[in-house]
Every structure is written in C-alpha cells, then in structure tokens.
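The values are calculated or read from the model by the stated rules, or taken from the named source; none is laboratory data. Just so it is clear, the model here is predicted, and its values are computed rather than measured. So basically every Cβ, Gly included, is an ideal-geometry build from the backbone, and we count neighbours across all protein chains shown. Surface accessibility is based on the protein's heavy atoms, side chains included, excluding ligands, DNA and RNA. Shrake-Rupley method; radii C 1.70, N 1.55, O 1.52, S 1.80 Å.
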Amino acid sequence: MTPASPRIAVLGAGTMGVMTAWRLAERGFAVTAIDDREPGHSHGAAGGESRIFRVAYKEGRHYVPLLRRARTLWQDLERASGERLLLPTGALTVGAPDHPDVTETLTSARTHDLDVEVLDQDAAARRFPPHRLLDGEVIVVDRAGGTLLPSAALRAAAGRARAHGAELRIGERVLDLKPRTDGIGVVTASGTTTFDAVVSALGPWSRRFWDLLAPAIEVRRVVLAWLAARDPGDFRPAAFPPGVRRSGPGGDFSFFSSLDDRTVKMNLHIARTVLEELDDPLVHDVEAAYAEQVAATARRYLPGLETTGIRLRAFFDGYTPDGHGLFGPHPDDPRVVLMAGFSGHGFKLSPLFGDIAADLATTGETAYDIAGLDPARFRKGAVA
C-alpha cells in the first residue's frame, strides 16, 4: 500500500522526468529527480531548438483531449515561470486530402470541433507563399497549434519543481534498482536511497533497466538541418508556421519557423539510423550525403531557402513498433511507473504526461485514458 505521503523518485530529468517532478512537487509530494545531466541539455530527444505543437493530430483523434489539456498546462507553466514557451503561431499540415495523415488530421478536427481551415492551392499560395504545393495539395491550418521552445521549457519546469521543494540530484547516474518489500532502492555512486514509488523516465536508456521495455524500444538517430532563408521575413513565425508535409518520397518532412531571423529548420521523415549504443561518441556525426537530400527537398518544396552551407545536427529518440509511447504502471510492480518510447511526438504532451505520472505514482490510477500506451502491450503473449 502506498503511504499517505510517499517518497517518490523520478529517474531521469529529461522531458518526461522534469515535467513529472514539477507536477508532483506542485501537489506537495516529496520528490527526488536523478539525472547525470542538467534539464534542457542539447543531447537528447528534446534538442533541436524548437518543436511543433499540434492539436489536429495525424497520430490519432484519440489524442485530441490530451493535447487540449497539455496546451493549458503549457500556458500554466508559462505564467508560473514568466518564460515564453509556446508561441501561438498555428501549425500546418500539407499534402493531398486523401493522404492518410491528412485525412486523420481532418477527421480529428471534425470529431472534436477544432478550429481549423483548409486552404486549396490558390489560397495557400496567397497565405503561405514559401510553400510550393503539388497539384491537388492543400494546407490544413490548425489555429491552436504553435511552436514550443524545448530547452527553455525544461529549465522552466525544473525551476518550478525546485520552487515547490523538489530535489534534483543532477550529476548522478542511476546504476541499479533494488525492489524490496519496504520500498525500492535506487542505487547511484553516492549510495542507495529507498523510495516508496519510482517513475522511470529514462527514455531510450530504459532498455538497460526494464526487461519489459527492452524489446519494444528501438533507438534511432534523428538528423535536423538548418538552411539559410533568402528573405528571412518570409519565414518568420507569422508568415511560416511550423508543420508537417506529406508529399510522398522525398517530400515527407517537418518544417519550422525561423526563430533567429536567419535560418529555417527541416527534419526529413526518412528511414532512421538505428543506434545500438547510446554512448557512442559518433552519434552526432552526420554523413555529407544527407545534406544533399535536404537540399533536394528544399529546392522542390521550399525554394526560398539556400541549399548550400546547410547546418546539420543529430539527436536520438526511442521508437516503438506502433509509434506510440510506453506509459503506465509496471505490470509486475505497480510501485513503478514506466515512461519511454514516445516515438518523436511525446514532447508536446509532456506536461500532461507528467501530471498523469503523478496520478499513477501517488494513487495508482488516473482519469485520463492512456490504455493504448500500456507498457506491457509488446510483451510476448500480450493480447492486442
């Protein structure tokens, strides 16, 4: 039975961990987050300077209620921290109306009565001239979307967690876990500390600690590119909101508003390199051939971008076979809440997922429907 005032450890102070620490501490719980890096560092899945926030959601209409609540929590964090974290730029989905991702985006909008607008080719050319559309393509404008600033967001969440009494043990690496009848021992180089409950938010490193998750998480390298804008005014947030494009081979990518008034970020949606070792020092090395793929895509779809001098940077994230996260109580020990494998689209939901993790760690249940993220769904013999 969970004590009335449980001592809770959050393993990892990355995106999910720091959000969980904030939500627990704000409720008055004793929480300790442990990580060997400071929240907001540039090496993990939250790197890359900006992320897209979408509500009309190609990943599934069932996410929309969660996204609406997450948006409110992003705004709460902005107010509490005094930092700008979510720029209300809107977000775009570009492609043919019969493309499955565009269809699901529109279906999610209709199902939940979202504030969206569909622009045909002529209207899109007038409203968003940097985009070169193919015949028959449309632009779906999600007015509740925007641009998230991940490093600032994680620092803000860490600040609010500390302000509410959370302990962030930064510079310590979790070495082992020792479940016992009186709690769960968390082992670091400093020794063993016993907690009543544990939230494991170790991201791709989860494979090292949880046999349940290891077969379900594939660590992939994500390469981002920054290209110079010929006319930076064409790519500022109001003129060029972030979004995703679905135009077939060579035309599937994400695009991001210029935040430095010089460059635009692109992320090609192509097969990712699978990484066997997360500590590989070559993880940030990127083949020169990738720059030409980016350049070819820009020349065809975003001709206002320069295609020489492209800046490249690699990050990594954990992906599951079905593209949805692993989130919920460990089926063999409900004192442990597992969070991992969010497949590149968990960041926008992270404040709400932190809130849900706080529910699960303190009461064992939540009002939100996350059954589809069951961390045991890939266990051998699990029923789909």
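Go through the stretch 319-354 and count every residue that is surrounded by fewer than 18 Cβ atoms within 10 Å (Cβ to Cβ) and either assigned to a loop (DSSP other than H, G, I, E, B) or hydrophobic (A, V, I, L, M, F, W, C) (or both). First the steps, then the outcome.
As a first pass, look at the stretch 319-354 and keep what is surrounded by fewer than 18 Cβ atoms within 10 Å (Cβ to Cβ): 321-323, 331-334.
In the following step, the residues that additionally are either assigned to a loop (DSSP other than H, G, I, E, B) or hydrophobic (A, V, I, L, M, F, W, C) (or both) were identified as 321-323, 331-332.
Residues in the stretch 319-354 being surrounded by fewer than 18 Cβ atoms within 10 Å (Cβ to Cβ) and either assigned to a loop (DSSP other than H, G, I, E, B) or hydrophobic (A, V, I, L, M, F, W, C) (or both): 5 in total.
Within the stretch 107-124, is there a residue that is of a type outside the set (S, T, N, Q), open to solvent by less than 10 Å² (accessible area, probe 1.4 Å) and not in a helix (DSSP H, G or I)?
Looking only at the stretch 107-124, we keep the residues that are of a type outside the set (S, T, N, Q), and these are 109-110, 112-120, 122-124.
From what's left, open to solvent by less than 10 Å² (accessible area, probe 1.4 Å): 109, 119, 124.
Of the ones still in play, those that are also not in a helix (DSSP H, G or I) are 119.
Yes, that holds for at least one residue.
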(message) Could you check the stretch 1-60 and list, in sequence order, the residues that are in contact with a strand residue (DSSP E or B) (Cβ under 6 Å, 6 or more places away or on another chain), on the phi > 0 side of the Ramachandran plot and modelled with pLDDT under 90?
(response) G48
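Collect the residues in the stretch 8-25 that are of a type in the set (G, A, S) and open to solvent by 10 Å² or more (accessible area, probe 1.4 Å), keeping them in residue-number order.
G14
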(request) Please work out if A358 is modelled with pLDDT of 95 or more and small (G, A, S). (result) yes
(request) Could you grab the pairs with beta carbons closer than 8 Å, sequence gap of 6+ or different chains, first residue in the stretch 318-337 and in contact (Cβ under 8 Å) with a residue 40 or more places away in the chain and more than 14 Å from E59 (Cβ to Cβ), second one polar (S, T, N, Q) and not in a strand (DSSP E or B)? (result) G318/S206; G318/S343; L326/S206; L326/T320; R335/T2
(message) Test of understanding: among A367, A376, A314, A357, which residue is more than 24 Å from T93 (Cβ to Cβ), of a type outside the set (V, I, T), in a loop (DSSP other than H, G, I, E, B) and in contact (Cβ under 8 Å) with a residue 24 or more places away in the chain?
(response) A376
(request) Being exposed (fewer than 14 other Cβ atoms within 10 Å of the Cβ) and of a type outside the set (G, A, S) is the filter; apply it to the stretch 285-310 and report the residue that is nearest to the chain's Cα centre (by Cα). (result) D285
(request) Determine which single condition A214 fails, assuming it passes every other condition in (1) in contact (Cβ under 8 Å) with a residue 24 or more places away in the chain; (2) under 23 Å from the mean Cα position of the chain (by Cα); (3) open to solvent by less than 70 Å² (accessible area, probe 1.4 Å); (4) under 27 Å from L275 (Cβ atoms). (result) (1)
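Output the number of residues of the stretch 168-211 satisfying the condition of being assigned to a loop (DSSP other than H, G, I, E, B) and either crowded, with 22+ Cβ neighbours inside 10 Å or in contact with a Leu (Cβ under 9 Å, 6 or more places away or on another chain) (or both).
Counting residues in the stretch 168-211 that are assigned to a loop (DSSP other than H, G, I, E, B) and either crowded, with 22+ Cβ neighbours inside 10 Å or in contact with a Leu (Cβ under 9 Å, 6 or more places away or on another chain) (or both) gives 6.
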(request) Quick one: which residue in R79, R69, R84 is assigned to a helix (DSSP H, G or I), open to solvent by 50 Å² or more (accessible area, probe 1.4 Å) and touching a residue at least 40 places away in the same chain (Cβ under 8 Å)? (result) R69
(request) Select, from R272, R246, R236, R220, the only residue that is more than 19 Å from P88 (Cα to Cα) and either open to solvent by less than 40 Å² (accessible area, probe 1.4 Å) or at pLDDT 95 or above (or both). (result) R246
